[in-house]
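To start, the structure itself, in structure tokens.
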Amino acid sequence: MLKRTRRVPIRGAVVVITGAGSGIGRLMAHGAANRGAKAVLVWDLNEAAARAVAEEIGHEALAQAVDVTSQESVDAAAREALARFGRVDVLINSAGIVTGKDFTNVTEEDVERTFAVNTISHYRTTGAFLPGMLERDRGAIVTIASAAGLVGVARQADYSPSKFAAVGFAQSLRAELRHRGSRVHTLLYCPYYISTGMFEGVKTKFDWILPILTPQTAARHILDALEAGHQMKVDPPFVRAAQLAQVLPVPVVDALMDVFGINQTMDDFTGRRSDERGGDCQ
């Protein structure tokens, strides 16, 4: 049965954003504050970056140095947040990393770290705040995934699968919440490349239909989608074609990928240091 879309107001909300020390995470932190959030909790591995963002925002922001790959670190930060504000209304899982290596150069450590940040961390952060949301029967969990979570991409043999898993996480969580009749909201965001530095050097063949998004545009679209009550946003909309194409024979899908130059997008990738876990994603 179809249910009416529930809007998620940011005004008055306590918002936690992971990877908020840089990239779209930082911009979303500013955006949430500008939209009237009661408090914005800036989570980042880089404590100095988190503090800088919190200072930019002002009194309604709290910087917390958090390693999202550590259960102990997440639990400690969550306890502090709940002790200070009593609740968390919106959780935005934005932290992400990428190596951009050819498969033969990807190490076991690369794979484990990529999944730890891009996927497993969502279980830790959501586990920390979802029980309170369920008790109040309100709140929102936002998953920043990727277009690479909808279709595999060359030189993303660790990154793309981690984002497929993030997509599955968000969809399964939404299904479970819906099944139990909960009013807790979920939003899955799947963007194309974002020009934050994390994917420095990537290129797009047809900018008019598959543009590389600016960080400002991506951050605004996420918050707009959340407040509008959307459950999934693919950005730009043409990326949806990647999902629809999966019903076609594999050779046809490969030919379409070649036409749009998808597997060439990473050819000139330089990126930045893979231990920088800012809120940048594809």
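The values are calculated or read from the model by the stated rules, or taken from the named source; none is laboratory data. Owing to the predicted nature of the structure, the values given are computational and were not obtained by experimental measurement. All Cβ positions, even for glycine, are placed from backbone atoms using ideal geometry, and neighbour counts span all protein chains on display. These area figures cover heavy atoms from the full protein model, side chains too; ligands, DNA and RNA do not enter into them. Shrake-Rupley method; radii C 1.70, N 1.55, O 1.52, S 1.80 Å.
Set side by side, the residues 137, 110 differ, and just one is under 30 Å from residue 80 (Cβ atoms), modelled with pLDDT of 95 or more, more than 18 Å from the chain's Cα centre (by Cα) and not basic (Lys, Arg), which is 137. Considering segment 80-128, and only residues there that are touching a Phe, Trp or Tyr at 6+ places or on another chain (Cβ under 6 Å) and over 17 Å from residue 162 (Cα atoms), the residue that is surrounded by the fewest Cβ atoms within 10 Å (Cβ to Cβ) turns out to be 88. Restricting 190, 281 to residues that are at pLDDT below 95 and under 15 Å from the mean Cα position of the chain (by Cα) narrows the list to 281.
If you take the residues of segment 233-242 that are part of a helix (DSSP H, G or I) and open to solvent by less than 60 Å² (accessible area, probe 1.4 Å), which of them is nearest to residue 212 (Cα to Cα)?
For segment 233-242, the residue satisfying everything is 239.
Is it true that some residue in segment 129-141 is part of a helix (DSSP H, G or I) and under 13 Å from residue 161 (Cβ atoms)? So far as segment 129-141 goes, no, none of its residues is part of a helix (DSSP H, G or I) and under 13 Å from residue 161 (Cβ atoms). Of the helices (runs of 4 or more DSSP H) lying entirely inside segment 2-116, those carrying at least 3 residues that are under 23 Å from residue 270 (Cβ atoms) and touching a strand residue (DSSP E or B) at 6+ places or on another chain (Cβ under 7 Å) are 23-34. Of the residues 239, 234, the single one that is aliphatic (A, V, I, L, M), in contact with a helix residue (DSSP H, G or I) (Cβ under 6 Å, 6 or more places away or on another chain), modelled with pLDDT of 95 or more and over 24 Å from residue 14 (Cβ atoms) is 234.
As for segment 149-163, it holds no residue that is surrounded by fewer than 19 Cβ atoms within 10 Å (Cβ to Cβ) and either charged (D, E, K, R) or more than 30 Å from residue 261 (Cβ to Cβ) (or both).
Only residues that are at negative phi and open to solvent by 30 Å² or more (accessible area, probe 1.4 Å) were counted across segment 129-144, and they come to 5.
Does residue 7 fit the bill of being open to solvent by 50 Å² or more (accessible area, probe 1.4 Å), modelled with pLDDT of 95 or more and not small (Gly, Ala, Ser)? Judged against the criteria, residue 7 is not a match. Residue 76 fulfils the conditions (1) touching a residue at least 12 places away in the same chain (Cβ under 8 Å); (2) among the hydrophobic types (A, V, I, L, M, F, W, C); (3) open to solvent by less than 60 Å² (accessible area, probe 1.4 Å) except for a single criterion, (1). Please work out if residue 203 is in contact with a Gly (Cβ under 9 Å, 6 or more places away or on another chain), charged (D, E, K, R) and either part of a loop (DSSP other than H, G, I, E, B) or over 24 Å from residue 101 (Cα atoms) (or both). For residue 203, the condition - in contact with a Gly (Cβ under 9 Å, 6 or more places away or on another chain), charged (D, E, K, R) and either part of a loop (DSSP other than H, G, I, E, B) or over 24 Å from residue 101 (Cα atoms) (or both) - is met.
Answer yes or no: is there a residue in segment 179-197 that is farther than 16 Å from residue 121 by Cα, assigned to a strand (DSSP E or B) and touching a Pro at 6+ places or on another chain (Cβ under 8 Å). Yes. Residue pairs whose Cβ atoms lie under 8 Å apart, sitting 6 or more positions apart in sequence or on different chains, and linking a residue in segment 19-33 that is more than 13 Å from residue 61 (Cβ to Cβ) to a partner that is among the β-branched types (Val, Ile, Thr) and in a helix (DSSP H, G or I), are 24/222.
Answer yes if at least one residue in segment 197-204 is aromatic (Phe, Trp, Tyr) and open to solvent by less than 10 Å² (accessible area, probe 1.4 Å), and no otherwise.
Narrowing segment 197-204 to residues aromatic (Phe, Trp, Tyr): 199.
After this cut, where a residue has to be open to solvent by less than 10 Å² (accessible area, probe 1.4 Å) as well, the list is 199.
So far as segment 197-204 goes, yes, one or more of its residues are aromatic (Phe, Trp, Tyr) and open to solvent by less than 10 Å² (accessible area, probe 1.4 Å).
If you take the residues in segment 107-120 that are touching a Lys or Arg at 6+ places or on another chain (Cβ under 9 Å) and in contact (Cβ under 8 Å) with a residue 12 or more places away in the chain, which one is farthest from residue 44 (Cα to Cα)?
At the first step, the residues of segment 107-120 found to be touching a Lys or Arg at 6+ places or on another chain (Cβ under 9 Å) are 107, 110, 117-119.
After this cut, where a residue has to be in contact (Cβ under 8 Å) with a residue 12 or more places away in the chain as well, the list is 110, 117-119.
On the way: 110: 20, 117: 12, 118: 14, 119: 16 Å.
Going through the qualifying residues, I end up with 110.
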